[in-house]
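These notes are about the structure you will find just below.
Bear in mind these aren't lab numbers, they're just calculated from the coordinates by the rules spelled out. Please read all numbers here as calculations on a predicted model, not as lab measurements. Neighbour counts are summed over all protein chains in view; Cβ atoms, including those assigned to glycine, are modelled from backbone coordinates with ideal geometry.
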Amino acid sequence: MSEEASTGEPHDLEEIVLNVDATPPCPSCSQPTILLAKYPHTWGNNKGGISGFRESVLCRVCDRDDPAAAPLVALYEEDASFPADKLDVFGPLAAVWVETRRNTAVDEELLNEQERLWRGGEL
């Protein structure tokens, strides 16, 4: 399933590929996921902007309380699938979820603390 999302952001009309058939396990809890999104993503490093793709998964367990993901999880749980007759609802919900994931940044303080703990043998 592929959905082009128009969200009013600079990412308008970029292709977002959504896969409901072949999704990897959740990287946080290892449970099966219900949706995989692949979308264009740009990030900066010391040499400038880098363009590529980012993937995000939707987990029924981990994302249940995420405001952007919860409506998709609820839609899925109605029939244990994303019904074809509800694509008009699914598309906008998926666009909001992807845009939220796209704009989620790494918590560098937490990352640095976890690295410190790991290097010290505490993690």
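Treat every Asp and Glu Cβ in the chain as -1 and every Lys and Arg Cβ as +1, leave all other atoms uncharged, and give the resulting dipole magnitude about the Cα centre to the nearest 20 debye.
That gives the chain a dipole magnitude of about 420 debye.
Short version: ³J(HN,Hα) in whole Hz for each residue of region 62-75, in order, from phi by Karplus 6.51 cos²θ - 1.76 cosθ + 1.60 (θ = phi - 60°), x for Gly and Pro, what are they?
Result, ordered by residue: 6, 9, 4, 9, 6, x, 7, 9, 3, x, 5, 4, 4, 4 Hz.
Which whole-number percent is the relative contact order of the chain (Cα, under 8 Å, 6+ apart)?
Normalised by residue count, the contact order of the chain is 18 percent.
Work from the charge dipole of the chain (Cβ charges, +1 for Lys and Arg, -1 for Asp and Glu, about the Cα centre) and give the residue of Pro32, Gly48, Cys59 farthest towards its positive end.
With unit charges placed on the Cβ atoms, the residue in question is Gly48.
Suppose we look only past 22 Å in the calculated P(r) of the chain. What percent of the Cα-Cα pairs does that tail hold?
42
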